[in-house]
Amino acid sequence: MKAADKPDIRVLVAEDHPIVADGILAVLGKAKDMVVVGRARNGEEAIELLEHHQPDIVLLDLRMPLIDGIGVMKWIKRTGSNARPIILTIYHGENDVSQAIQAGANAYLLKDTSPSEILKTIRRVHRGKAEISRQRRTREVSSVKFPDLKPLELEILSLVVEGCSNRRIGSQLGLSTDAVKYHLRGLFSKLGVKKRAAAARQAIESGLLT
């Protein structure tokens, strides 16, 4: 194969269930812009193949023998590997998602996700886009660092970080300007700040929002 014809996206599949792995491989095999460089049946094999093949994307099961998906992602982060992890799992509990996000997952998909969506996600992550929503990331990090913040307050805070005015926040969330001011006062009180800039700075420095 000529270099110019080389598929753009090199994918490693780490899945211990043979039937599921075969299904994933069949889906990837239909994508002309992807090539599977390896198939791992446990976390140790995944790390070995990551070192050997240096894929662009690694599709990771969350629960695997020897080393789980979280452990593999920690290895990726620790070694500076360029592989971008995508979790593909049956587990969707808040704790599972939270651990995956903090370990470095670029996307979190359930195994009943359609083949077309799996391929779209791989392409988006390969282009550098995260497929975990801002609301999901915000909620998971906040559950550890700011347990008292309500979902609406988190959405308001994310818009504050983006530089939105009270009127703009109200328009985005379907609130009156007075309601936005009311929620901001409660938000500032919980964060221990008095101004929007301080709230935004605290959110960014804590890792709550970017």
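Here are the numbers for this structure:
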read-out	value
In the stretch 1-28, residue modelled with the lowest pLDDT [restricted to those that are assigned to a helix (DSSP H, G or I) and farther than 18 Å from Leu109 by Cβ]	Ala3
Some residue of the stretch 75-87 being part of a helix (DSSP H, G or I) and over 18 Å from the mean Cα position of the chain (by Cα)	yes
Criterion (buried (at least 19 other Cβ atoms within 10 Å of the Cβ), at negative phi, in contact with a helix residue (DSSP H, G or I) (Cβ under 9 Å, 6 or more places away or on another chain) and not polar (S, T, N, Q)) met by exactly one of Glu15, Glu45	Glu15
All positions within the stretch 101-118 that are touching a helix residue (DSSP H, G or I) at 6+ places or on another chain (Cβ under 7 Å) and either among the hydroxyl-bearing types (Ser, Thr, Tyr) or in a helix (DSSP H, G or I) (or both)	Ile101, Ala103, Tyr108, Pro115, Ile118
In the stretch 34-55, the residues that are part of a loop (DSSP other than H, G, I, E, B) and either over 17 Å from Ile122 (Cβ atoms) or at pLDDT 95 or above (or both)	Arg41, Asn42, Pro55
Output for the stretch 145-183, where each listed residue is touching a Lys or Arg at 6+ places or on another chain (Cβ under 8 Å) and closer than 13 Å to Ala203 by Cβ	Phe146, Leu149, Glu153, Leu154, Ser158, Leu159, Val160
Extreme residue, modelled with the highest pLDDT, among residues of the stretch 141-152 that are among the charged types (D, E, K, R) and within 14 Å of Gly192 (Cβ to Cβ)	Asp148
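The values are calculated or read from the model by the stated rules, or taken from the named source; none is laboratory data. What you are looking at is a predicted structure, and each value in this text was computed from that prediction instead of being measured. Don't worry about glycine lacking a Cβ; one is built from the backbone with ideal geometry, like all the others, and counts go over all protein chains shown.
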